[in-house]
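The values are calculated or read from the model by the stated rules, or taken from the named source; none is laboratory data. What you see is a predicted model, and the numbers here were worked out from it, not measured in a lab. Here the Cβ positions follow ideal geometry from the backbone for every residue, glycine too, while neighbour counts run over all protein chains shown. Calculation scope for accessible area: heavy atoms of the full protein, side chains included, ligands and nucleic acids excluded. Shrake-Rupley method; radii C 1.70, N 1.55, O 1.52, S 1.80 Å.
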Amino acid sequence: MKFAFFVTAVLACLMPLTVHSAVVKTETIRITPPPQETPQIDPEDTLKYPEEPAATSGDAPTVYYDVNLLPEPVRATRNALVSALREGSIEKIGAIIEAQKFPPHLLFGEMEDPVTYLKQSSGDGEGLEIMAIMADILDAGFVRWNAGTENETYIWPYFAHYPMNELTNKQKTEMFRIVTAADYFEMKDYGTWTFYRLGIAADGQLMYFVAGD
């Protein structure tokens, strides 16, 4: 936008008054400001994470919902899991696990076959309940943990690393899609999230899908 400044010199006002007032011509001078450069914005800036705040005791981590912010390997693994979950295929979940360099932690202990374990952990005996839980978790917001380190991990749901006593009503409503109110009050008393959580490393490896602290 151009801005013009108009300077009007009214010489008649500077002259002494006489009986016969003279007609004084005025002149308009246009002053044009120097052109301003339009800042260039990198379109990828909208996909970059904001700076992580300094971690102090009790700080709530930044919560993300936009899966487009995930690194490509992480997004690919999440998409593969979501696709298998939508099909209700525990076998495809097993195939994702078997394709990894090393198996994820599904329990705090030894495990022979992931698919068998997931079926046994599911109330219906076929793995459908446990897949429904995983689907709800992957629909929730996530956090970026140990950012910028070799242990960088993307964790669902964000409640797993969020102070329970700082949750807003909106966040609690989100949480009750995954757990019951009784579960929430029990975890609040305990001081931490103890329900299922899922972590994917920055290289796309499914690190864990476990419950407990």
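For this structure, a couple of remarks:
- Qualifying residue in segment 126-135 (condition: part of a helix (DSSP H, G or I), open to solvent by 70 Å² or more (accessible area, probe 1.4 Å) and over 30 Å from K101 (Cβ atoms)): no
- Residue in segment 139-148 that is in contact with a His (Cβ under 8 Å, 6 or more places away or on another chain), hydrophobic (A, V, I, L, M, F, W, C), outside any loop (DSSP other than H, G, I, E, B) and open to solvent by 40 Å² or more (accessible area, probe 1.4 Å) present: yes
- Positions within segment 173-190 being within 16 Å of Y162 (Cα to Cα) and either modelled with pLDDT under 95 or not hydroxyl-bearing (S, T, Y) (or both), in sequence order: E174, M175, F176, I178, V179, D183, F185, E186, M187, K188, D189, Y190
- Qualifying residue in segment 105-118 (condition: open to solvent by 70 Å² or more (accessible area, probe 1.4 Å) and at pLDDT 95 or above): no
- Selected residue (criterion: farthest from D136 (Cα to Cα)) from residues of segment 73-115 that are assigned to a helix (DSSP H, G or I) and hydroxyl-bearing (S, T, Y): T77
- Beta carbons closer than 8 Å, at least 6 apart along the sequence or on distinct chains, pair a first residue in segment 181-201 that is under 19 Å from A132 (Cα atoms) and open to solvent by 40 Å² or more (accessible area, probe 1.4 Å) with a second that is part of a helix (DSSP H, G or I) and acidic (D, E) for T194/E186; F195/D183.
- Consider segment 167-180 and keep the residues that are open to solvent by 60 Å² or more (accessible area, probe 1.4 Å) and either aliphatic (A, V, I, L, M) or assigned to a loop (DSSP other than H, G, I, E, B) (or both). The one that is nearest to D136 (Cα to Cα) is R177.
- Within segment 73-104, the set of residues being touching a Gly at 6+ places or on another chain (Cβ under 7 Å) and either closer than 22 Å to T194 by Cβ or surrounded by fewer than 17 Cβ atoms within 10 Å (Cβ to Cβ) (or both) comprises P73, A76.
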